[in-house]
Each structure stands twice: as C-alpha cells, then as structure tokens.
1. May I ask you to list the trypsin sites (Lys or Arg not before Pro) in region B:1-107 that are in a DSSP loop and have at most 12 other Cβ atoms within 10 Å of their Cβ?
2. For chain A, which span is the longest to avoid every loop-located (per DSSP) member of trypsin sites (Lys or Arg not before Pro) having at most 13 other Cβ atoms inside 10 Å?
3. Between A:Q154 and A:L24, with labels modelled 7 Å along Cα→Cβ, what's the label distance in nm to one decimal, could you check?
4. Could you tell me which of the pairs A:K136/B:K41; A:K6/A:K62; A:K62/B:K96; A:K62/A:K136; A:K6/B:K92 are separated by over 30 angstrom between their Cα atoms in the structure shown?
5. Would you list B:V2, B:V10, B:V21 from fewest to most Cβ contacts within 10 Å?
6. If you take each beta carbon of peptide A:115-124 and count the beta carbons of other chains within 10 angstrom, what is the mean?
7. According to the square roots a ≥ b ≥ c of the eigenvalues of the Cα gyration tensor, what is the shape class of the protein assembly as shown, taking rounded for a/c under 1.5, prolate for a/b larger than b/c otherwise, and oblate for the remainder?
8. Of B:G15, B:F60, B:A70, which is farthest on the positive side of the dipole of chain B, counting Cα position, with +1 on Lys and Arg Cβ, -1 on Asp and Glu Cβ, and the Cα centre as origin?
Amino acid sequence: MRKGEKWFGLLFTFCVMAVFWVLLSGIFDAFHLISGLVCCAIVAIISRDLLVNGKSENKLLKSLRLIMYIPWELWQIVLANIDVAYRVLHPKMPIDPLIIEFETTLRGDFSLLTLANSITLTPGTITILVEPERGKFWVHAIAKEPADALLVDQTMQRKVANVFIET
Amino acid sequence: MVIVHVVVTVLLGAGVFFTLVGSIGLLRFPDFYTRLHATGKCDTLGAGLVILGAMVYHFFQYPETLLVPAKLAFLILFIFIANPTATHAIMKAAYKTGVEPWRLGEERR
C-alpha cells in the first residue's frame, strides 16, 4: 500500500465515523464533540485497513454505479414480496422447490456479497452456498420461473458485473 | 396534514400486511427452505415499510428534530443488509447439516 492511500484511508475512516457520531449522539456541546472526535481518531488508527484496503481501483465510479443499482434492487424487493404473498395466499400454493447451481465470472468479495444478497432479496430465490474461487452459486428456488430468471436471462449477474466493472 | 396521515397509514398498513403474509407463509409452507422464503423476504420489506411510515410521520409532525428520521433511515439500511445475510446463513447451516429439501408431491413436514 502506498503512503498516500494509507493517509487517505485513515482520513476517510475518521470522517465517516465522525459524521456517524454526530448523527447518533445529537448533542452538540464541546464535551461530547471532543470526546467523540478523540474516539474516532483512536478507532481510525487501529482499524483503517477495514474500510479502505487500497486493493481495488475506480472506487468512485463503482460507488456511483452501486447507488444507481439500488433503486432497481428496491423495485425487485417489492416484486419479490408480491410474488411471495401470492404464493402464500393462493389456496393451492403454487410452489415447486428446486436447487440450482451456476457459475459466474465474478471474483471480488464485495461483488459476490452484493450478488448473493440480491439473489436472496429478489423473487423466489435464496442463496445457499457461494464458492468464491470459481464464483459458483448454489441457489434454492421456490418454483421453476424464478430459477429460469437466474439461469437463462442472467439479468442480475450482468447488472452486478456492470456495477463492479468485472466482465 | 391529512395527506401525510393517509400516506403514513398506507405505509404502515402495507408493512403490517407483508409481515402478516410472512407469518402465514411460515405456517403454510411445507419445509424448512420454503419457510425461509416467506420470512426472509416479507420481514425485510414489512419492517422497512413500517419504519418508513414512522420516518414520514416524524418528519412532518416534529420537523425540529431531523436527527430521528436520519437514525431511522440507518435502521432501514442495516435491516436490508442484515436480513438477507442472516437468511443465507441459516440456509447454509441447514444445507450443510443435510436437511433434505421438499419436492413437489411429497408430504409436508
């Protein structure tokens, strides 16, 4: 890690935690602000590698794309809930569970986490296992259509790959 | 003020509806994995909508304390990260200990 990145990570962690402290405390007198800043500095020095580890590039672009991705994901969550509500309340309960496996080209920790959580939140599918080395996913699907959405369409894989700029 | 109350009521009602559906699904679905489908999804949106309703209400009723809606927004964010992760962890534990998934036509467990 270069020296500039180290200082950037330290400062960035400190700023994020200071904002968070002010938000959560809501008390603006000198004692609380100063003690908060001291605590933020100590934690930032100890754990600066956790938030910014300096490995990946294009952080700003990725963050922007992630923010663009979130509204689509929220809409998928609403669809997922309507789907589950339909299956629960339908008298015949139209479910046909199956477990599917597929491989993706994603390798990064954060992109795999995003895809796994997205799969769990979108209609009819839950991630069971992820194998990071090969980007392999085991997914439990509640019926055939949601499984096909992951296996055939692959909209979500392409969207996540686009967010993290991994082909 | 009336329109705020209508919006808040709709949000809270939708949240309660989805939480209720999640609970019914927990009782109706046939096995462990499908039950997690009901709770893992519906609880996320249900709790999110209820908190969103509280946020809107507080924002218009007590505009002098904007910190409370901000804290509630963080609550929604953390629920939306933690809930799928926990669902996935339970699912993985069940799969690794060899809980057999239910197939169509079998008896419910």
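1. Loop-located and lightly packed - B:R103.
2. Here the longest segment lacking exposed loop sites spans A:3-54.
3. 4.2
4. Beyond 30 Å: A:K62/B:K96; A:K6/B:K92.
5. In order of increasing Cβ crowding within 10 Å: B:V2, B:V10, B:V21.
6. Counting other chains' Cβ atoms within 10 Å and averaging over A:115-124 gives 4.
7. oblate
8. Looking along the dipole axis, the top candidate is B:G15.
Each value in this text was obtained by applying a stated rule to the coordinates, not by laboratory testing. Predicted, not measured: the structure shown is a model, and the values here were computed from it. Every residue, glycine as well, gets a Cβ built from its backbone with ideal geometry; the counts of neighbours run over all protein chains shown.
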